[in-house]
Each structure stands twice: as structure tokens, then as C-alpha cells.
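The values are calculated or read from the model by the stated rules, or taken from the named source; none is laboratory data. These numbers come from a predicted model, not from an experiment. Positions of Cβ are generated from backbone atoms using ideal geometry, with glycine treated the same way; all protein chains shown enter the neighbour counts.
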Amino acid sequence: MNVVREDIDALNSNLKVIINPIDYEKSVKEKLNKYCKTAKIPGFRPGKVPFGMIQKKYGASVLSEELNKIVGQALNKYILDNKIEILGNPIPVEKDGFKGDFDKPKDFEFVYQLGLAPKIKVPLSSKSKFEFIKVKVDDKLISQQIEDLSRRYGKLVSGDVVGEKDMILVQFVELDKDNNVIEEGGIMHSSTISMEFVKDLKVKKQIVGKKVGDKLIVNPYSVSKGGVDTASMLGIDQSKLEEISENFQITINEIKVMQPAELNNELFDKLFGKGLVNNEEELKERVKSDLEKMFLADSNRLFTKNVYENLIEKTKVKLPDDFLKRWIKLSNEKEISNEQIDADYDNYAKGIKWQIIQGNIFKENDIKFGHEEIIEFTKGLLIKNYSQYGMPAPEDKELLKSAQQVLQNKEEANRIYDMLSEEKLTTFFKETVKLKNKEVSYDDFVKLASEKS
């Protein structure tokens, strides 16, 4: 067997795999002999089928299977041994890519096309300047967070008048276009409305200040999130929403007010652990610290996104477009047209371009991570999950077992590799470029982040 490389240009090469009888005859014969022992053919006892008959019946398919195996191994070995950086996988050339005769097997020749990863230079150095945008954690933000915490751990009590953040239990009754109750087939259902999430300010103003027993007419969409939420509120299937009236009478049957938890040691111990926060001043410092840590992760993501967009725009990357389009077509599980490929190709090429840039950064700067680091990173993610639900993390032995189980799931493992890769990239970017710190309000930060999403 021989593998010959033929370069077409800087981005495309062909690999010609020449296979001689000595490469396949032995293994093909062994497989056919096994067929002789197991094949069930009318007129012959098991194990007594003549070799010639087996060869005539199965020879071509066994030979084809063996040749495919040999070619695949030869291509992979040549690419690895010669450290060829390719995009996608080798694909057969369209014309004259095969020579050989299955009826009179002798020498076979297969030609495969390679799409080569281009050589690039990433324009990133200590001279590169980027803003690092932080959320300004001021007294207003701290107070809002403390209020949210006290409400989250508070309790619902009965109220006399509807407030802007209260929950009300109401009865919905469907009305016709003249605001008369639809007696036959109309909807009548009791449900709750969270005033905090009513976005229609006009409707909110109408309801705030009302008392138990008060009635008013509303459009159910104005007091819900639409779709499934509206259907659930009215006790109907979502498919029925198009048939309902826009007017419903609501009767307020009960008002529930969230009574915030007192800011005392009982709450502090519940939130942060016994004795770690002892008064309101320490609470403010702890909340400020926690917010800064939380917003730092968001700042890192926004910063990395900005660097990513800059590198995508400024890094010169030429791709073997024709090869990649053909590879997409051949590797797609479902049939896909050339028109579909052309329509989506720019986004696909952008993803490939980023993979090349990221790979170059990792290679040139010797950024890597081993199995132990992946395990520790996964354990850290699990600890955060437990913390979000207010649960203590298990002992390290149990945590290690859970991390290993998570990584056995290929989809989850890939997600974790991507997260760790992004974390390492962010660290590299922050250590490499010149940062200009900029503080903005929380609202401005959310606006900036949404523009980049």
C-alpha cells in the first residue's frame, strides 16, 4: 500500500491511496471462510457451503468493506504522521477518484480531497486595547438586592388593597362584545395574577388600589405573558386562544401581600451560613461583594465577546470554500440543496474561522487542559448548582463520582469543554491586551450586553 500527496493549492490537497492485493487478500479470505462456516444456503449443510459459492455471493461486498477500512486507516495514519491540519474530513474526489475492478480484483486506487487549515497570524498583542466594562455596584443596587432577598424569604399575608407587587386571586368570566356574560360555553375560571409581572401600565394602574370584591374588565393578555401562560391562567388549551373573547370580567377574591423577612441574624444565617454576617452593615458589604463577583462573570463574557468580534473581523483567514460546501453536503444527515448551503455558508464559515483562530491561540501560547483539570472544573460547576438551590455540596468522593458521570454524557462533556476553553481564552485575553476599565450602571450594562447577544 502506498499513499501519495498531491497539492492542488495552499488550501486543497489530494491523497491517493494505492492498495495492492497483498494488503487485502488475507483478511478477505479469512472473512469468506467464516461465511462458509456460518452461511445458511438451501441444499447445503451448515459449514459445508463451497468456498467458490460464498465468494461469488459475498466476495464483492466483503472486499468493498475491507477496502473502505484499509483506506480509512491509511488516510488517518498519513494525516496524523505528517501532522496535516485539515478542515472537516477527507472526501472522495468527484471524478476519477476510484480505479479498480471488483470482478477481477487486483490493484485499487482511491483519491480523496483534503481541505487544509490556513496558516494565520492572530492580530492580538499587548498593544491591543479593549474596554473592560464593569457594573457599578452602588447603594441603590445593593438596596434592591437586599429588598429582593428579604422578599424571597418573606411570607404571603392577606392584604386589603392591591399593591404593585401583590398577588391577587381572581375569577375570570368571559364576556361578549357588549360586555355581557357569555352564559353558554363561556369561560369561567379562578386563577392568580402577579401584579409585579403585569407589563401593561394602563391595566396595572386600573387594578392597583382595588379591594376584595371589586370587579373590572380586562383583556387576559394584558395580565399574562401570552401563549401557554394565558391559556393556563384561563384553564384552557393553548389551541383555543384564538377563539376566546378579548374581554373578561375579573372579580378580586383575595389579595396576598409579600411580607418581607426581617433583616436579623436568623435571615443572615439562612442566607450566608451561621455567624458569617452579623448586622446590616456586614450584610451590605457581603451583598456588594457577591454582586461584584456575579457581575464580573458577566463582564468577562462581554469582554470576550468583544475580542471575539474584533478577531473575526481583523484576522485574515482564507478558507477552501468549494471543499467545505461539498463536505457539508456529503456529511449532512438529511439531504440539503446547494441553495441551502449557499444561504447558510457565511455563518458556517464564521464558525470555522473562529475555530481556526482559537486553535491558533491555544497552540501558539501552549494553552491546554488535562483530565484532572476538567474533573475539577466540573466539580466546581456542580458545587455552584448545589449552592443555587441552597444545598451543601456532598463529600469530595461523591462529588468526584458525580463529575465523572456528567462527563460520560458526550453532549454535556462538550458543553463543559467549551466553557473551560472560554474561561482559558478570557484569562489569556485579559493577560495579553491592554485593558481600559469602565464602570456603567446596571441598566446600561444590560443594554450593552443585549446588543452583543
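One table, with the values for the structure above:
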quantity: Restricting segment 268-283 to residues that are closer than 18 Å to R152 by Cα and in a helix (DSSP H, G or I), the residue that is farthest from the chain's Cα centre (by Cα); calculated: E280
quantity: Options F110, F102, F98: the member that is touching a residue at least 12 places away in the same chain (Cβ under 8 Å), in contact with a Lys or Arg (Cβ under 9 Å, 6 or more places away or on another chain) and either of a type in the set (V, I, T) or in the same structural domain as L11 (by TED's automatic domain parsing) (or both); calculated: F110
quantity: Helices (runs of 4 or more DSSP H) wholly inside segment 382-453 containing at least 3 residues that are under 22 Å from I357 (Cβ atoms) and of a type in the set (K, R); calculated: 410-432
quantity: Whichever residue in segment 377-389 is without any contact (Cβ under 8 Å) to a residue 24 or more places away in the chain and not β-branched (V, I, T) and, among such residues, is surrounded by the fewest Cβ atoms within 10 Å (Cβ to Cβ); calculated: Y389
quantity: Residue match in segment 66-83 (condition: touching a Lys or Arg at 6+ places or on another chain (Cβ under 9 Å) and of a type in the set (D, E)); calculated: yes
quantity: Pairs where the first residue, in segment 284-303, is surrounded by 13 or more Cβ atoms within 10 Å (Cβ to Cβ) and the second is in a helix (DSSP H, G or I) and among the small types (G, A, S), C-beta under 6 Å, 6+ apart; calculated: L302/A449
quantity: For V4: the one exception among (1) exposed (fewer than 13 other Cβ atoms within 10 Å of the Cβ); (2) part of a strand (DSSP E or B); (3) touching a residue at least 24 places away in the same chain (Cβ under 8 Å); calculated: (3)
quantity: Pairs with Cβ under 6 Å, 6+ apart, first in segment 305-332 and exposed (fewer than 14 other Cβ atoms within 10 Å of the Cβ), second not in a helix (DSSP H, G or I); calculated: K314/P123; K318/P118; L330/I91
quantity: Selection from segment 96-155 of residues that are farther than 30 Å from K270 by Cα and among the polar types (S, T, N, Q); calculated: Q113, S125, S126, S128
quantity: Residue within segment 29-51 that is part of a strand (DSSP E or B) and aliphatic (A, V, I, L, M) present; calculated: no
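Yes/no matrix, rows are residues, columns are (1) in contact with a strand residue (DSSP E or B) (Cβ under 9 Å, 6 or more places away or on another chain); (2) closer than 30 Å to E451 by Cβ:
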{"site": "L311", "(1), (2)": "no, yes"}
{"site": "K314", "(1), (2)": "no, yes"}
{"site": "D342", "(1), (2)": "no, yes"}
{"site": "Q355", "(1), (2)": "yes, yes"}
{"site": "K368", "(1), (2)": "no, no"}
{"site": "Y389", "(1), (2)": "no, no"}
{"site": "P392", "(1), (2)": "no, no"}
{"site": "E395", "(1), (2)": "no, no"}
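Here's the yes/no breakdown for (1) over 24 Å from K165 (Cα atoms); (2) in contact with a Ser or Thr (Cβ under 6 Å, 6 or more places away or on another chain); (3) charged (D, E, K, R):
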residue: T230; (1), (2), (3): no, yes, no
residue: M233; (1), (2), (3): no, yes, no
residue: I244; (1), (2), (3): yes, no, no
residue: P260; (1), (2), (3): no, yes, no
residue: L271; (1), (2), (3): no, no, no
residue: K274; (1), (2), (3): yes, no, yes
residue: R301; (1), (2), (3): yes, no, yes
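Results for (1) among the β-branched types (V, I, T); (2) surrounded by fewer than 17 Cβ atoms within 10 Å (Cβ to Cβ); (3) closer than 19 Å to N20 by Cα, shown as yes or no for each residue.
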{"position": "G52", "(1), (2), (3)": "no, yes, no"}
{"position": "G59", "(1), (2), (3)": "no, no, yes"}
{"position": "K104", "(1), (2), (3)": "no, yes, yes"}
{"position": "L114", "(1), (2), (3)": "no, no, no"}
{"position": "K119", "(1), (2), (3)": "no, yes, no"}
